[in-house]
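Notes to accompany the following structure.
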2 protein chains.
Amino acid sequence: MPAPDPDVRRRLIEVAADVLSEEGPGALSARRLARDAGTSTMALYTHFGGMPALVRAVVAEGFARLYDRVAEVEPSADPLADLVAAAVAYRGYALADPHLYLVMFGSASLGEYRLTETELEVGLAAFGQLVAVVERVMDAGAIRRSDPAAVAGQFWAALHGYVMIELSGLSHVVEDPEAQILQPLLTNLLTALGPPA
Amino acid sequence: MPAPDPDVRRRLIEVAADVLSEEGPGALSARRLARDAGTSTMALYTHFGGMPALVRAVVAEGFARLYDRVAEVEPSADPLADLVAAAVAYRGYALADPHLYLVMFGSASLGEYRLTETELEVGLAAFGQLVAVVERVMDAGAIRRSDPAAVAGQFWAALHGYVMIELSGLSHVVEDPEAQILQPLLTNLLTALGPPA
DNA sequence: CGATCGACCATAACGCCGTTATGACAGGAT
DNA sequence: ATCCTGTCATAACGGCGTTATGGTCGATCG
C-alpha cells in the first residue's frame, strides 16, 4: 500500500469540524475538505463511504468533545455545585461552537435522519456523566432518591432546551436570559427534587 | 401582468412545507418545488429572492401552524390544566411534523444563520400565547406571581429541550420518556413555582 | 382604444455540489 | 518476480442554486 496515511481519516474529521465551526454547515463540501486536508475527494469515500457518513463522524467527534468539556469539572465536596458547574460547562461548549452543537442535534434533520448506534453510544456516554453526577447528588442527600437517569434526563432536557433557544436568538423575550430563564429553571428543578424539607 | 397568480407564492410555501414534512430537508430543491407547484424556478426568485428566503418563509409558516395548534386548546376554568394541555399540544405538533419543527429551530444552522426580525416576530407571537396562559395561572393563584415571560421561558425551554431530545432518538436513555422525563419535568417546575403553601 | 410598460415567469446557461468509474501506484503475500 | 489489495488522483455525470435573457400578458394612460 502507498503509505496508507492512517491520519487522513483523522485529518478529514478535524478539518470538517473546523470548517463547520468557522464557516457553518454551508461551507462543508467534499471538495473543500479534500483540498484543506491535502488529499482528493476519493479519500473521503475510502475512509467514510460518503459525505453523510463523514458528518456523522463529525457529530460523534462533537459529542466526544462535549464529554471532555463537561468531564473537566472536577468532583468537589459539594456534588450539587458540581451539577451546576457541569451545566455551565455544557452551555459554554454549546455557545463556543454553536454550528457543531446544532449539527449534533439537528443531524437527524440535516443528513437523512436518526443517529446510528455508534453516535447514540457516544451521546449516551456523555449523558452517562450527567447521570453519575446526579447519583452523587442523591448520595449527598441534596435531592431525593429516585431513578437517576430520569432525573438526569430532566436536567438535560431543560439545559438543552435553554441552550437551543439561546442559540436561535429566540431567548430575547427577556433581557437577561441566563439569569431569568436558565438559572431559575435549574434552581426550580433542584428545589422540587430536593429533600422533603 | 400575465395573471399574476397571487397564489404562486402561497403554493410554493405549502409545497415546500409538504415536501419537507414527507421527505425531509434533503428533498427541498428549487427545481423540485417549481415542478410540484407547476411553475418554473424563476417564480421562486421573483417571489422570494432565493432558496434561503423561501426556507425562512417556511419556518414562519411552521411557527404560524404551531401557534394555531396551541391556540386550539380552549381556555377552561382550570388555567393550570390549560398549561398542561398547551404543552401536550406543543409536543403533538413537533412529533407530527418533526422535519419542519427541526428546521424551524435548526434554520439558524441550515441556511446561514440567525432568524430575521420577521420570523422572530412570528415565533414570539407563538410564545406570547404561552405567556398569556402563564399569566392566567398566576391570576388563579396556582403559581406565585413573578415575571410571566421569564416563567414562560422556563416552560418553553423545558418543553423544547424535551421534544428535541425525543426527536433525536436520544431520549431512550429511559424506557418511557414522556412519563419519566417530560411529565415530572413539568410537574417539578410547577411545584417549585407553586404558591408558598 | 391602442400603445406602452412592467411584473411575471419559461428557457437555458454557469459553476458548484456529491458521487462514481477508472486507473496509477505502492507495499505484503506467494 | 508476481499478483493482490488498499489507497488515492483524475475526470466525468447528473443535479443543485442562481443568473441572464427574452417572451407574454394585464394594467395604465394618451
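Matching residues to (1) assigned to a helix (DSSP H, G or I); (2) at the interface with chain A (Cβ under 7 Å from one of its Cβ atoms):
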{"site": "B:Gln129", "(1), (2)": "yes, no"}
{"site": "B:Ile143", "(1), (2)": "no, no"}
{"site": "B:Phe155", "(1), (2)": "yes, no"}
{"site": "B:Gly161", "(1), (2)": "yes, yes"}
{"site": "B:His172", "(1), (2)": "yes, no"}
{"site": "B:Ala179", "(1), (2)": "yes, no"}
{"site": "B:Gln183", "(1), (2)": "yes, no"}
Take A:Ser21 and decide whether it is away from DNA strand D (no atom under 14 Å from the Cβ) and of a type in the set (Gly, Ala, Ser). yes
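Among the residues of the range B:115-160, write down those that are among the polar types (S, T, N, Q) and within 30 Å of B:Ala53 (Cα to Cα).
Taking the range B:115-160 as the starting set, the residues that turn out to be among the polar types (S, T, N, Q) are B:116, B:118, B:129, B:146, B:154.
Of everything in the range B:115-160, those that are among the polar types (S, T, N, Q) and within 30 Å of B:Ala53 (Cα to Cα) turn out to be B:Thr116, B:Thr118, B:Gln129.
Kindly indicate whether B:Asp139 is free of Cβ contacts under 8 Å to residues at least 12 places away in the same chain and either acidic (Asp, Glu) or in the same structural domain as B:Ser21 (by TED's automatic domain parsing) (or both). Let's see the steps before the verdict.
Details: free of Cβ contacts under 8 Å to residues at least 12 places away in the same chain: no; either acidic (Asp, Glu) or in the same structural domain as B:Ser21 (by TED's automatic domain parsing) (or both): yes.
So B:Asp139 does not fit the description; no.
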Of the residues that sit in the range A:168-197 and are crowded, with 20+ Cβ neighbours inside 10 Å and in contact (Cβ under 8 Å) with a residue 24 or more places away in the chain, which one is farthest from A:Arg91 (Cα to Cα)? A:Leu193
Within the range B:15-29, residues small (Gly, Ala, Ser) and either farther than 18 Å from B:Tyr45 by Cα or buried (at least 18 other Cβ atoms within 10 Å of the Cβ) (or both) come out as B:Ala16, B:Ala17, B:Ser21, B:Gly24, B:Gly26, B:Ala27
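Please tell me if A:Ile181 is β-branched (Val, Ile, Thr) and within 19 Å of B:Glu166 (Cβ to Cβ). Reasoning before the result, please.
On the way: β-branched (Val, Ile, Thr): yes; within 19 Å of B:Glu166 (Cβ to Cβ): no.
So A:Ile181 fails the test.
Taking the condition β-branched (Val, Ile, Thr) and not assigned by TED's automatic domain parsing to the domain that holds A:Thr187, does A:Val8 pass?
Values: β-branched (Val, Ile, Thr): yes; not assigned by TED's automatic domain parsing to the domain that holds A:Thr187: yes.
In short, yes.
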For the range B:93-106, indicate whether the set of residues that are surrounded by fewer than 14 Cβ atoms within 10 Å (Cβ to Cβ), of a type in the set (Asp, Glu) and modelled with pLDDT of 90 or more is non-empty. no
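Residues are listed down the side, and each one gets a yes or a no for (1) within 14 Å of DNA strand D (Cβ to nearest atom); (2) hydroxyl-bearing (Ser, Thr, Tyr); (3) assigned to a helix (DSSP H, G or I); (4) at positive phi:
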position	(1), (2), (3), (4)
A:Arg32	yes, no, yes, no
A:Met42	yes, no, yes, no
A:Leu66	no, no, yes, no
A:Arg69	no, no, yes, no
A:Val73	no, no, no, no
Can you tell me which of A:Gly62, A:Gly106 is closer than 23 Å to B:Asp176 by Cα and of a type in the set (Gly, Ala, Ser)? A:Gly106
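The values are calculated or read from the model by the stated rules, or taken from the named source; none is laboratory data. Predicted, not measured: the structure shown is a model, and the values here were computed from it. Here the Cβ is made from the backbone with ideal geometry for all residues, glycine too, and neighbour counts use every protein chain on show.
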